[in-house]
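Notes follow the structure.
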Amino acid sequence: MQRREALKKSAMAAGSAFMVPSLFALLQSCQETSRLNWKPQFLSVRNAELVSSLVDTILPKTETPGALDMKVDIFIDLVYGKLNTKEGQEGMAAAMEAFDAKAKEKYGSRFADLSPEDKSAMLKEEEANSPKYNGSIWGTPAGVQEPVGFYRSLKSLALWGYFSSEEVGKNILTYDPVPGPYQGCIPLADVGKTYSL
């Protein structure tokens, strides 16, 4: 009789040894998967996917590298996390959720899941309807700046991150760390590219 009980217990132990990994795989498959190849430090995975999708739509890869090639989405995550106050971070997270909700209401899905045509249409609408930055005189904004909203501030950060990257500064724009002699009149056609500094 004891032998029969021992065989029963060992069969149950062996069966559970096979079931536990299957159970863990089943539970892990229920978790939200990420399309990111980096780990956000400030943003949630969902908001990081939104930022990556937005910067890729604003500055896509063409014959020059795109925003994702320059890791602009990672740059924005660090800027939001390190330079914002707690209230600013919470406000930015709420603005991202509102932007995704607007995409879902208008196009039926969150922004990262939209087709390229729908993404482009939504950004054209945001560009037309969002407040713009005031002009500036020697770096000082002219007049009182009204809040520009999520889209315009993210676009500004994306452009800052892209054009201040080393790759763009050295290989796409004209970079001359040690300028030669002063030449007052140079035909613009001779320069060819915009200066990075």
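Please find, within region 164-180, the residue that is surrounded by the most Cβ atoms within 10 Å (Cβ to Cβ) out of those that are of a type outside the set (Val, Ile, Thr) and modelled with pLDDT of 75 or more. Full working, then the answer.
First, pick out the residues of region 164-180 that are of a type outside the set (Val, Ile, Thr): 164-167, 169-171, 173, 175-177, 179-180.
With modelled with pLDDT of 75 or more added as a condition, the list becomes 164-167, 169-171, 173.
On the way: Ser164: 13, Ser165: 20, Glu166: 10, Glu167: 13, Gly169: 16, Lys170: 12, Asn171: 13, Leu173: 13.
The extreme case among them is Ser165.
What tally of residues in region 87-121 results from selecting those that are within 22 Å of Leu43 (Cα to Cα) and part of a helix (DSSP H, G or I)?
Looking only at that region, the number is 22.
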Completion exercise
Checked pairs for region 56-77, first within 16 Å of Arg35 (Cβ to Cβ) and β-branched (Val, Ile, Thr), second open to solvent by 60 Å² or more (accessible area, probe 1.4 Å) and assigned to a loop (DSSP other than H, G, I, E, B), C-beta under 9 Å and 6 or more apart or across chains, list as Ile74/Gln41
Handout entry: Single unsatisfied condition, Met70 versus (1) surrounded by 12 or more Cβ atoms within 10 Å (Cβ to Cβ); (2) under 21 Å from Val148 (Cβ atoms)
Key = (2)
Completion exercise
How many residues of region 122-152 are assigned to a helix (DSSP H, G or I) and touching a residue at least 12 places away in the same chain (Cβ under 8 Å)? The answer is 8
Problem - region 105-128, residues that are within 22 Å of Pro60 (Cα to Cα) and either at pLDDT below 90 or exposed (fewer than 10 other Cβ atoms within 10 Å of the Cβ) (or both) - result: Glu117, Ala128
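The values are calculated or read from the model by the stated rules, or taken from the named source; none is laboratory data. For clarity, every value in this text was computed on a predicted model and none was experimentally measured. All Cβ positions, glycine included, derive from the backbone under ideal geometry; neighbour counts span all protein chains shown. What goes into the accessible areas is simple: the full protein's heavy atoms, side chains included, and nothing from ligands, DNA or RNA. Shrake-Rupley method; radii C 1.70, N 1.55, O 1.52, S 1.80 Å.
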